[in-house]
Amino acid sequence: MSKLSFRARALDAAKPLPIYRNGDIPDLNDCVSINRAVPQMPTGMEKEEESEHHLQRAICAQQVFREKKECMVIPVPEAEGNINYYDRLYKGEFRQPKQLIHIQPFGLDYEQPDYDMDSEDETLLNRLNRKMELKPLQFEIMVDRLEKASANQLITLPEAKLLLNEDDYLLKSVYDYLVRKRKNCRGPSLIPQVKQEKRDGSTNNDAYVAFRRRTEKMQTRKNRKNDEASYEKMLKLRREFSRTVTILEMIKKREKSKRELLHLTLEVVEKRFQMSDFSGEVLSEVSVPLAEKTVHPAPICLPNGNRHKTENKVKSTPKHHPHNVTVKAEPHFDFIRPHKKSSRKPKLDTLRPPSRPERPHTVNTADIKQYDFHSSGEDENPQSPSSEPDEENDPDGAFVFRRRAGCSYLSPLTEQSDGSPPVLAGLDAMWQRNALTALSVPRRCVGVARRRLGRGGRVLLDRPSSELDRALRHLDPDTFCPSRSLAQLLSDIQACRWRYFQPRPLHQNQRDESGRNALHEDDRKGGGVTGTSSSRNTVLGGITEEQFQTHQQQLVQMQQQQLAQSQQQGLRPSSNLPERPHVHVSNTASLDTLSKTLDSASAQFAASAVVSTPNKDGKTHNTAVNGILPNSGKHNNKFSSSGSSSVRPSGASSKPLLAVPQSLPHGHGPLSSVSAVSPAHTHLNSARPCAPSPPALKLATVASSLDRVPKVTPASAIDSIGRDKNEPERLALNGIETTVAMEVT
Amino acid sequence: QNYVVSPRLMEIVEGCRLPVLRKNQENEDEWPLAEILSVKDTLGRKLFYVHYIDFNKRLDEWVTPDRLDMKKLQFPKKEAKTPTKNGLPGSRPSSPEREVVRETALNGTTRRVLPPSQPGRKRKTCGTDEDSQDSSDGIPTAPRMTGSLVSDRSHDDIITRMKNIDCIELGRHRLKPWYFSPYPQELTTLPILYLCEFCLKYLKSLKCLQRHLTKCNLRHPPGNEIYRKGTISFFEIDGRKNKTYSQNLCLLAKCFLDHKTLYYDTDPFLFYVMTEYDCKGFHIVGYFSKEKESTEDYNVACILTLPPYQRRGYGKLLIEFSYELSKVEGKTGTPEKPLSDLGLLSYRSYWSQTILEILMDLKSDNGERPQITINEISEITSVKKEDVISTLQYLNLINYYKGQYILTLSEDIVDGHERAMQKRHLRIDPKCLHFTPKDWSKRGKW
């Protein structure tokens, strides 16, 4: 049994152990000695208990005898046996159910009193029962409730009376009895209970305190992972709750708005009643602007909502840009639910009277400011209108469409209320998309083209071929852009913009006829550019002095910015300048070419302008401006609308706007042209597609087809201009543009 | 009244040691050395609570002065051997070797069978104890919150070292508690504590029990029956959902489990109560508790066969059942430590029989010697690997031969196993088990 000279390999639990039995057991002696090499496993017992006499004896006995001997078992205190009264105690039998017993959770709690009557109580009960009937259970319930309501001291008798609705005598007897019984009772309560821990920790070592609460959940060691997961779950939960809160708040807001709408509607009805406006005339008069308004205001943006609260109708009216007037017939704006107005909408359509009274000319300062803000916003970001919001245009990179805070975006309107759109074909189709175009750097006219924005902001010209090409090529581009002084330019621009704010309603219907005539004359005569300035005063008529001032200042500022911008770009007086010429040209109406530059938008503009100018001195120069064409005449629209609006109110001169600049700058197309676009345009732009008012539309069509055509070389081309508006495809396109334009807001 | 306390008797205080008369299993007189843990004076008669050195605490008892061998009285030394109130580790009894030496010196008559001291063994057992001692650090702190057993001695003060309940009546049986149990203190003075056999509620008198039985209509443990074969059933009770029953069960169990702790609530445990059915209902035979989530592969926390049912195979049945549950869970398991003496014997016996059953059944295929890995045994039985190894060692089956470990089944091992298995009638039938383990980590805590 000497120490081994080698060290046995560690026992490998994964290694197969061959099993030897009986006879084939090898040299046992060897084995025994080697056995020491196997590490002894602990028994798992407390050390001092392990050595206990009886255990060791039992272990030895087992090892020796391989079975337990009766005398070798570990002795335990024995209790003597059978309880002979068991059957009397546990009465009845319990049938074993066939199925496994399945307990219903919480099905166990019968509300039974925890207190069990003892023999002492029984004597009391017997005594009491001589006078009244008191069942043991009743008594137990009483004691149970009293005990559970008491702490170290039994509750007072009055308290007991409150607690138990029992006969006074009975209660008193039981109460007195309990007081005595408690005095003799060694425990804190007559219902024996395991001692509970005290919060102060004084019971930490009390052997009789058991079942303490586990304050910490568990050791984190094993459950750390778990905790992380649940932490994340909690975070998620929190997020979802806060989202819920947001949603609820929005609902609250919505419901408030609804209520407000209701109140306002009521108010309107009352007012109408007071005014005896039973025919709805006044209402429709007042609500025209509301209809228009729906075209641009942002439905989505929450802040808007508040404004409506205090506004009365009059106030809100001015908010609508006059340009929209062209569009005002627009009946739908489904997706827009600008509060109360929306509900009234349908009414407006039906109620719109053939002739409309003048609208009040008050302008809400706040509204103007808001508006200005928009325009300045656009200046800062001139490209935005030209970039396509197409989702596939991601590669636009920096030019990609981005929503801006504070802007509202309207979705395109896809339906026109009236007028069936003429189907375009041939040249018409061409004119629909294209416009006469001149380049400013190689100074020449490139003929009919369509501009669009390419990747990286490049300006591309799509040039369809047409029979006109030859004639157009010989056009002198200078006719489009005579050079002008900066000051002049400025003032012109300003003039245009002011007009834009003209809050006048238009009275298309009234002027329909005259408009038509006017158009003829207009075209023929051509308006001088000067007209613009002259008309200014009238145009501004509706605006208060103060508003005018602030606005003017802002405009000047804007202009300066624009100029600075264009100069920086190394353009000559460039972008702004070229436009001028167009106007000029168109105004003079001297050239056929001019008419060619008309696209649908310009036609529309022209029409509206004409409409609003009964007297012919207004020169409607068709906004040929567009001639320079930007994509599908977006800008034109703006012009036209601004022009029209300005004209309308004055009712007198239609001063065409010239304003807008659009020549193709050298490669900077988007920038320059955009910069030229006033924010107002954008609005208009959006307005246009959705809204050509039927009369205006008609007018435009007529006008272009009748009047201009003759002058314009390609008569058909012009023709088309008027009509194209309704073309669905076009509309769709416009829709997109609209969105872009809306960004301004 | 006339009884005069001898002066010597007055001198006997806590901590004194002297031989005390007790009867052994053969009903012979013995005078094992005992330590006085407590002295009480009732009606002028002195009673001494004695702990027989090297006997299990469960044999501690109150004795009359006439059983004391006053001639050999030893007074406590300075470093008192009595457990101190705060249970400092210093109060632990010294190592077995020293104890033996001292005892033989003092009392040569003590019958004592001790294994030859094995070098290295002591060191290792110490090692296993270290964990448990760390937590106490000499200062009584709140015990760890996992598990159900105290392995540190922070509770080893004089109160818990002494039995406090004299007798418990449970159904047809009277039980003599072995250890302290924190039943309400006012009940500890009763000669008999009455328990409702089915809900285990404690009552101070038979009258109260009678009254209680009119209100308690339980006839089985208040849980789901997950196993039934013949008259044997197992009920599963959730310590969180059924606190009252769980606590009552724990109080009862504590009477027979020295190291069981009732310090914390029963929430993290499941209780599997084994019952035997007769026409009166399902009578509790024993139980084991189990942590819902064990960090240490424990598949049993506390396990107890009630004394009236002991030595009849129920303990092994409980153990077998606990491993059946582990098999369903697909885990190996081991009982929580420390084991009691009876626990160790029972488990060793179960492990031995289980492993030998497998080894004997192994058939050699194609004439080769049959072989098996420890891991395989562990997987088949759900017995944790360490327990397999310790059992193989204990049975002396594992040997190192010619450079490799082998298992040797000697004749007496085989014979002893076969005899034992013949006596083992009670077996768990896995087919009768209807148990789906729950993933407690995914539920709310416990």
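Quick look at the numbers
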quantity	calculated
Complete set of residues in the stretch B:177-236 that are in a strand (DSSP E or B), open to solvent by less than 20 Å² (accessible area, probe 1.4 Å) and either facing chain A (nearest Cβ under 7 Å) or within 28 Å of residue B:319 (Cβ to Cβ) (or both)	B:195, B:203, B:225, B:226, B:227, B:232, B:233, B:234, B:235
Check on residue B:71, facing chain A (nearest Cβ under 9 Å), modelled with pLDDT under 90, surrounded by fewer than 18 Cβ atoms within 10 Å (Cβ to Cβ) and outside any loop (DSSP other than H, G, I, E, B)	no
Filter result (surrounded by 18 or more Cβ atoms within 10 Å (Cβ to Cβ) and within 11 Å of chain A (Cβ to nearest Cβ)) within the stretch B:5-32	B:22, B:32
Pairs with Cβ under 7 Å, 6+ apart, first in the stretch B:248-268 and farther than 18 Å from residue B:162 by Cβ, second assigned to a helix (DSSP H, G or I)	B:266/B:243; B:266/B:246; B:266/B:247; B:266/B:250
Restricting the stretch B:33-48 to residues that are of a type outside the set (A, V, I, L, M), touching a helix residue (DSSP H, G or I) at 6+ places or on another chain (Cβ under 9 Å) and open to solvent by less than 60 Å² (accessible area, probe 1.4 Å), the residue that is farthest from the other protein chains (Cβ to nearest Cβ)	B:46
Candidates A:240, A:228, filtered to the one that is in a helix (DSSP H, G or I) and within 14 Å of chain B (Cβ to nearest Cβ)	A:228
Failed item in (1) outside any loop (DSSP other than H, G, I, E, B); (2) open to solvent by 40 Å² or more (accessible area, probe 1.4 Å); (3) within 28 Å of residue B:313 (Cα to Cα), with residue B:358 passing the rest	(2)
Residue list for the stretch A:38-64, restricted to those being within 7 Å of chain B (Cβ to nearest Cβ), open to solvent by 10 Å² or more (accessible area, probe 1.4 Å) and in contact with a Lys or Arg (Cβ under 7 Å, 6 or more places away or on another chain)	A:40, A:42, A:44, A:48
Filter result (facing another protein chain (nearest Cβ under 8 Å) and touching a helix residue (DSSP H, G or I) at 6+ places or on another chain (Cβ under 8 Å)) within the stretch B:419-431	B:420
Boolean, residue B:416 is closer than 19 Å to residue B:315 by Cβ, free of Cβ contacts under 8 Å to residues at least 24 places away in the same chain and either under 26 Å from the mean Cα position of the chain (by Cα) or more than 7 Å from chain A (Cβ to nearest Cβ) (or both)	yes
In the stretch A:49-90, the residues that are modelled with pLDDT of 85 or more and among the charged types (D, E, K, R)	A:49, A:50, A:52, A:57, A:87, A:88
Some residue of the stretch B:336-347 being more than 7 Å from chain A (Cβ to nearest Cβ), in a strand (DSSP E or B), more than 22 Å from residue B:251 (Cβ to Cβ) and not small (Gly, Ala, Ser)	no
Unmet criterion (only one of (1) at pLDDT 85 or above; (2) surrounded by fewer than 18 Cβ atoms within 10 Å (Cβ to Cβ)) for residue A:32	(1)
Some residue of the stretch A:127-141 being over 25 Å from residue B:216 (Cα atoms), open to solvent by less than 60 Å² (accessible area, probe 1.4 Å), at pLDDT below 90 and aliphatic (A, V, I, L, M)	yes
Residues being facing chain A (nearest Cβ under 7 Å) and open to solvent by 10 Å² or more (accessible area, probe 1.4 Å) - total across the stretch B:374-391	5
Evaluation of residue A:233 against (1) surrounded by 10 or more Cβ atoms within 10 Å (Cβ to Cβ); (2) more than 30 Å from residue B:442 (Cβ to Cβ) (one fails), failing number	(2)
Within the stretch A:133-164, considering residues that are in a helix (DSSP H, G or I) and basic (Lys, Arg), the one farthest from the other protein chains (Cβ to nearest Cβ)	A:161
Wholly within the stretch B:254-316, strands (runs of 3 or more DSSP E) carrying at least 1 residues that are open to solvent by 20 Å² or more (accessible area, probe 1.4 Å)	B:269-278, B:298-300, B:303-305
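Condition check ((1) more than 9 Å from chain A (Cβ to nearest Cβ); (2) farther than 22 Å from residue A:43 by Cβ; (3) open to solvent by 30 Å² or more (accessible area, probe 1.4 Å); (4) modelled with pLDDT under 95) across all residues:
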| position | (1), (2), (3), (4) |
| --- | --- |
| B:363 | yes, yes, yes, yes |
| B:367 | yes, yes, yes, yes |
| B:371 | no, yes, yes, yes |
| B:407 | no, no, no, yes |
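The values are calculated or read from the model by the stated rules, or taken from the named source; none is laboratory data. Just so you know, these numbers come straight off a predicted model, no measurement behind them. All Cβ positions, even for glycine, are placed from backbone atoms using ideal geometry, and neighbour counts span all protein chains on display. What goes into the accessible areas is simple: the full protein's heavy atoms, side chains included, and nothing from ligands, DNA or RNA. Shrake-Rupley method; radii C 1.70, N 1.55, O 1.52, S 1.80 Å.
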